[in-house]
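Single-structure report; data block below.
The values are calculated or read from the model by the stated rules, or taken from the named source; none is laboratory data. Please read these numbers as outputs of a predicted model, since none were measured by experiment. Please note: Cβ atoms are built from the backbone with ideal geometry, for glycine as well, and neighbour counts cover all protein chains shown. Note: accessible area is taken over every heavy atom of the protein model, side chains too, but ligands, DNA and RNA are not part of it. Shrake-Rupley method; radii C 1.70, N 1.55, O 1.52, S 1.80 Å.
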Amino acid sequence: MGSEYCGFAGFYDRLMADVDYDAWAGYLLELMRENGVPADGSIVDCACGTGAFTLRFAKAGYRLTGIDRSEQMLAVAQQKARRNGLNIPFVQQDVRAFQVHKPADVINCACDGVNYLLSVEDAFLFFSSAYAALKPGGVLLFDVSSEYKLKHVIGGQTFGEDAEDCTYLWQNVFDSQTRLLEMNLAFFTPDKAGRYIRFDETHIQRAHTAAELTNALEKAGFYEISAFDAFTDRTPETKTERIQLIAKKGPASAGHGEI
């Protein structure tokens, strides 16, 4: 998998400030309602990061558990939950082999979590863990940045910002053979003496296709699998940048295949 966001967990929300999490969470909550998730249902938020979706789902009345590989990101999420008066357990686990104490109504993995699974086999392991963690009839929701986005929108581009609390450079290279996007980030943060401290991180994402993911979901036992151009009810197109997938666990165990 890619980086665990060790160095810049404290800056992550600052860097993602332009994301409309309220609208995004609202879209996901509507998908849950449309797929029969009870109003007080349980959600496991995988690759939850600093809890942007986790907190919003909890405020909407659902029972939440947050899971992430990064201890630093989970620490930030826990602090935010406490400030909001929310009692949410956050657990450090790898989504490819996560376990829960009680089966959930929903497994959610938003904002590129599955892109950080760098092979179809890794995606299958996550789907299998999600299948085991769901109640019969439960719903798996996740999204991926498309190959078009990773190759043409982000790949080959350099982004940056010079802010008072953090200056960063973000360089991106997409390999069409492996379908991997390498993101090299350099952060410069001022100390009390006015000097800048630099730290670097490399993150890697894979451009999974909807067909690959659908096949892996079927192998893991899911059915009623749908893929949408995210935030709409339309079928993904060539220039779709984010693909939202939904899959259901059957009323009885269907067993698992192999990738």
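Of all residues in the stretch 34-47, exactly one satisfies the criterion of being open to solvent by 10 Å² or more (accessible area, probe 1.4 Å) and within 14 Å of ILE88 (Cα to Cα), namely SER42.
Taking the options GLU182, GLU212, GLU201, name whichever one is at pLDDT 95 or above, open to solvent by less than 50 Å² (accessible area, probe 1.4 Å) and among the acidic types (Asp, Glu).
The match here is GLU212.
Among the criteria (1) among the β-branched types (Val, Ile, Thr); (2) within 23 Å of ASP122 (Cα to Cα); (3) open to solvent by 50 Å² or more (accessible area, probe 1.4 Å), the one THR158 does not fulfil is (2).
Among the conditions (1) at pLDDT 90 or above; (2) part of a strand (DSSP E or B), the only one that THR189 does not satisfy is (1). For the stretch 227-250, the candidate set comprises residues that are closer than 20 Å to VAL153 by Cα and of a type in the set (Asp, Glu); within that set, the residue that is surrounded by the fewest Cβ atoms within 10 Å (Cβ to Cβ) is GLU237. Restricting the first member to the stretch 119-141 and to residues that are closer than 16 Å to SER226 by Cβ and of a type outside the set (A, V, I, L, M), and the second to residues that are in a helix (DSSP H, G or I) and open to solvent by 30 Å² or more (accessible area, probe 1.4 Å), the beta-carbon pairs closer than 9 Å and six or more apart or on different chains are PHE127/LYS219.
If we keep just the residues of the stretch 161-179 that are among the charged types (D, E, K, R) and surrounded by 10 or more Cβ atoms within 10 Å (Cβ to Cβ), which is farthest from VAL144 (Cα to Cα)? Quick ask: steps written out before the conclusion?
Residues of the stretch 161-179 among the charged types (D, E, K, R): 161-162, 164-165, 175, 179.
Next, only the ones that are surrounded by 10 or more Cβ atoms within 10 Å (Cβ to Cβ) stay: 161, 175, 179.
Details: GLU161: 25, ASP175: 17, ARG179: 13 Å.
Out of the qualifying residues, it is GLU161.
For the stretch 57-155, list the strands (runs of 3 or more DSSP E) that sit wholly inside it and hold at least 2 residues that are surrounded by fewer than 24 Cβ atoms within 10 Å (Cβ to Cβ) and out of contact with any helix residue (DSSP H, G or I) (no Cβ under 9 Å at 6 or more places or on another chain); which are they?
Numbers: elements: 63-68, 90-92, 104-109, 134-145.
By residue number, 134-145.
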